[in-house]
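Structure first, commentary second.
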């Protein structure tokens, strides 16, 4: 009779084996004599070759031999019992045995065949995964070497970057000739006049020489793959910058230039060279203008990784001899990557690629620098500023990076004195804005003013580090967001300059509109009444609260009340997003997501305006207060600073306002 306990645990360990199995004896390793196969044979995957499994025991292993025989008997008894049950089942279904046997056999073969195919598919999948992992491992090991060539493995760094960052595939154009040289030169100079001053990541002279060499086909000059990439990306960005509608001539021409550039991607994006960072920077700039084809956030991530791998996030040691022009270009390349990383990450409410604590790079020299021979080691956002737009942009991004990391990327616990921290940030940025040189071009000055308004609202808005705001905070958010939205509507109606405004500015408009609606919904009566608010008194040694900005006059028109200003601001939001929507289709989705909230708020404000007009038409009787009829909220009185209270954000999550898909809100 079978012993169930032994059948469930058939393995036995011999306390003192007389002799080792043949395999262990040949290998001269210790054999524990476990049945049916020793531990050494099991680990080697040779259970069937173990002498214990084959009942080839040495003399003296009586107990092991008996145990093996008992195990064999139990296996035979189980097989006999199974055969008897099968025979009884066949006898019960004698009538249709042939048909059932035929069907069962067919189904059984199909099941076996399917199992074989599944196993083969799993094997192929495991092989593909192992191959991909090995490619990634090779990339990680050789990320900074110069022997990373396409011929070594099938996966190159360029193919990895493009596979990850490409949204819609760029159409492959065959036999597409270059435009006439005079037309290409116009596009080239448009880029150099508008985009290059802000992000000077390459030598202007070198780029101009490449343009001439490619069109003149001079045999004595060898044109590298990086040179082709440089020129085609400059032309692509310069053409796309001038696009005003989806799929217009400028946009399609830009796509053609990118398609030409991708033919040189394997060499241009090869790791180990400064040209790799420059090539990635140009592709990132194009991705900001063409989000349909490339993801700018992923591209700037690859770019900053290359920056760190090559050590551009640290200035060379003083002991090393570095040419001054080379060092200055190295710093420009780093700060171009730094500026793009900060702006792209902030607009998408994501983390930076690296923190400020990890970098140590002085600002590059400005073109108009009076302090010749001196690096801007201590250059800051304060004090007299250069007219170099690139240097000004780098300074602004450093300031934004500081408060963004502190408020949104550091600890979740509230600051001990959040108002003082925010007021200090506002003070520094306000002083920087007031010190901008008067000779700065009007378009660049307006862009910086918009960036400052955006920064004010971003850092004043409630966050994990500063969760509570007062009515004074709300007035500041109200005024700065209103001024930003009205100015952006004028900019959009005059035609967008692609060097200063792109798809990310549509996301900023969406963010500012949500902030404006949030404070207006939460404190509508207070904000629309126009009541004077005293500036909060700061504690000794703390920075003062920023003043409330004055409303801008409109071409000699009388000053509007807050109701009229709010209605005009709400009307400008869909108009601005409509202009952006003609250029970037996703902006139309942002507009659609705001339409219902805008309609509800504008309906309330128009009703208030109507009631206010009726009160203004009522006659004033002797003894009545004139101010009582000027506002539905009564006379404007000085108010003491209110106690901090948590704001109700009407279902709006500040951390989610900046995402590039409106339907995710």
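The values are calculated or read from the model by the stated rules, or taken from the named source; none is laboratory data. Keep in mind that this is a model prediction, so the values were computed, not measured. Neighbour counts run over all protein chains shown; Cβ positions are idealised from the backbone, glycine included.
Exactly one residue out of 302, 312 is at pLDDT 90 or above, buried (at least 16 other Cβ atoms within 10 Å of the Cβ) and not in a helix (DSSP H, G or I): that is 312. Just so you know, in region 223-251 the residues that are buried (at least 18 other Cβ atoms within 10 Å of the Cβ) and not in a helix (DSSP H, G or I) include one that is nearest to the chain's Cα centre (by Cα), and it is 241. For residue 224, indicate whether it is modelled with pLDDT under 95 and farther than 15 Å from residue 188 by Cβ. Yes: the conditions hold for residue 224.
Listed here are the residues, each with its yes/no results for (1) in a helix (DSSP H, G or I); (2) more than 17 Å from residue 584 (Cα to Cα).
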{"position": "253", "(1), (2)": "yes, no"}
{"position": "267", "(1), (2)": "yes, yes"}
{"position": "306", "(1), (2)": "yes, yes"}
{"position": "317", "(1), (2)": "no, yes"}
{"position": "337", "(1), (2)": "yes, yes"}
{"position": "343", "(1), (2)": "yes, yes"}
{"position": "352", "(1), (2)": "no, yes"}
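When restricted to residues that are surrounded by fewer than 21 Cβ atoms within 10 Å (Cβ to Cβ) and part of a helix (DSSP H, G or I), region 425-446 contains 12.
When each of 84, 34 is tested for being out of contact with any strand residue (DSSP E or B) (no Cβ under 8 Å at 6 or more places or on another chain), at pLDDT 60 or above and assigned to a helix (DSSP H, G or I), the lone residue that passes is 84. Taken over region 535-566, the criterion of being part of a helix (DSSP H, G or I) and buried (at least 18 other Cβ atoms within 10 Å of the Cβ) is satisfied by 562, 563, 565, 566.
Looking at this structure, is residue 161 in contact with a helix residue (DSSP H, G or I) (Cβ under 8 Å, 6 or more places away or on another chain), assigned by TED's automatic domain parsing to the domain that holds residue 303, under 14 Å from residue 236 (Cα atoms) and crowded, with 16+ Cβ neighbours inside 10 Å? It is false that residue 161 is in contact with a helix residue (DSSP H, G or I) (Cβ under 8 Å, 6 or more places away or on another chain), assigned by TED's automatic domain parsing to the domain that holds residue 303, under 14 Å from residue 236 (Cα atoms) and crowded, with 16+ Cβ neighbours inside 10 Å.
Using the structure shown, decide if residue 321 is out of contact with any helix residue (DSSP H, G or I) (no Cβ under 9 Å at 6 or more places or on another chain), under 24 Å from residue 499 (Cα atoms) and at pLDDT below 95. No, not satisfied. Being assigned by TED's automatic domain parsing to the domain that holds residue 264 and in a loop (DSSP other than H, G, I, E, B): is that true of residue 178 here? Here the answer is yes, as residue 178 does meet what is asked. Among the residues making up region 473-510, a single one is surrounded by fewer than 21 Cβ atoms within 10 Å (Cβ to Cβ) and touching a strand residue (DSSP E or B) at 6+ places or on another chain (Cβ under 9 Å): 475. Only one of the listed residues (331, 397, 350) is modelled with pLDDT of 95 or more, outside the structural domain of residue 164 (by TED's automatic domain parsing) and either closer than 21 Å to residue 192 by Cα or in contact with a helix residue (DSSP H, G or I) (Cβ under 9 Å, 6 or more places away or on another chain) (or both). That residue is 397. Right, residue 463: at negative phi, assigned to a loop (DSSP other than H, G, I, E, B), over 27 Å from the mean Cα position of the chain (by Cα) and assigned by TED's automatic domain parsing to the domain that holds residue 599 or not? No; evaluated as a whole, the condition is false for this residue.
This table checks each residue for (1) surrounded by 12 or more Cβ atoms within 10 Å (Cβ to Cβ); (2) outside any loop (DSSP other than H, G, I, E, B); (3) assigned by TED's automatic domain parsing to the domain that holds residue 480; (4) at pLDDT 90 or above.
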| site | (1), (2), (3), (4) |
| --- | --- |
| 569 | yes, yes, yes, yes |
| 574 | yes, yes, yes, yes |
| 587 | yes, yes, yes, no |
| 603 | no, yes, yes, yes |
| 608 | yes, yes, yes, yes |
| 635 | yes, no, yes, no |
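May I ask you to verify whether residue 513 is surrounded by 24 or more Cβ atoms within 10 Å (Cβ to Cβ), outside any helix (DSSP H, G or I) and either in contact (Cβ under 8 Å) with a residue 40 or more places away in the chain or assigned by TED's automatic domain parsing to the domain that holds residue 454 (or both)? Judged against the criteria, residue 513 is not a match.
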